[in-house]
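Structure first, then comments.
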């Protein structure tokens, strides 16, 4: 598959949306996460729409502003918007309580389409991989940065891996399950 100028535009748009956003533990630019997720989606056979949605998967959840959903649809199409919406645990402000949001998201993930499952597997694999590295550097204090703390964060990633595993034996999902197990053992 060849990427078109739509992908270039999506990359620039993602950078503009997340330019000032940082990672929780090490303060790295958030765009690195979006690039890694997009790269995994492409490596595991994603389409251009899925790659674009991977770049934008956190835009509504983290950077929502009036008209953003409509702008995504106008620039990249309804398919991309529907994937981004399905990848968002909430667009409501203020956000509902953490556990409530995660439980509702897990329920939606059970019936999500293949594009959403692919992006979520890539997203969570990157998150868990980064957490493993950060835990080795910073130790258990990293859990203070997460609303779910140690127990909630581990519960959530374990449940995502289980839910995705019920729907697919994609090697990406299997790798996510292995990394979650590694994080649980380390933590």
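Between residue 114 and residue 15, the modelled label-to-label distance comes to 3.2 nm, taking each label 7 Å out from Cα in the direction of the beta carbon. Peptides 15-25, 54-64 ranked from most to least packed give 54-64, 15-25, packing being the mean of other C-beta atoms within 10 angstrom over each peptide's residues.
Note on the chain: with a GNM built from Cα contacts shorter than 10 Å, the maximum mean-square fluctuation among 80, 41, 137 falls on 137. Taking a ≥ b ≥ c as the square roots of the eigenvalues of the Cα gyration tensor, segment 1-70 is classed as oblate, since a/c reaches at least 1.5 and a/b does not exceed b/c. Between the Cα long axis of helix 114-138 and the first principal axis of the chain there is an angle of about 40°, rounded to the nearest 10. For residue 151 and residue 174, the difference between the fully extended length at 0.36 nm per residue and the C-alpha to C-alpha distance is 6.1 nm. Just to confirm my numbers, what's the Cα centroid distance between segment 1-63 and segment 103-163 in Å? Using only Cα atoms, the two centres lie 17 Å from each other. The mean sequence distance of close C-alpha pairs (under 8 Å, at least 6 residues apart), as a share of the length of the chain, puts its relative contact order at 20 percent.
Each stretch of four or more DSSP H residues adds -39500 (n - 2.57); spread over every residue of the chain, this sum gives -22500 deg cm²/dmol at 222 nm.
Ordered from longest to shortest, the equivalent ellipsoid semi-axes for the chain are 25, 18, 17 Å, each the square root of 5 times a Cα gyration tensor eigenvalue.
FYI, it's all coordinate maths here, none of it is from the lab. A quick note: this is a predicted structure, and the numbers were derived from the prediction, not measured. Counting neighbours? That spans all protein chains shown, and the Cβs are built from the backbone with ideal geometry, glycine included.
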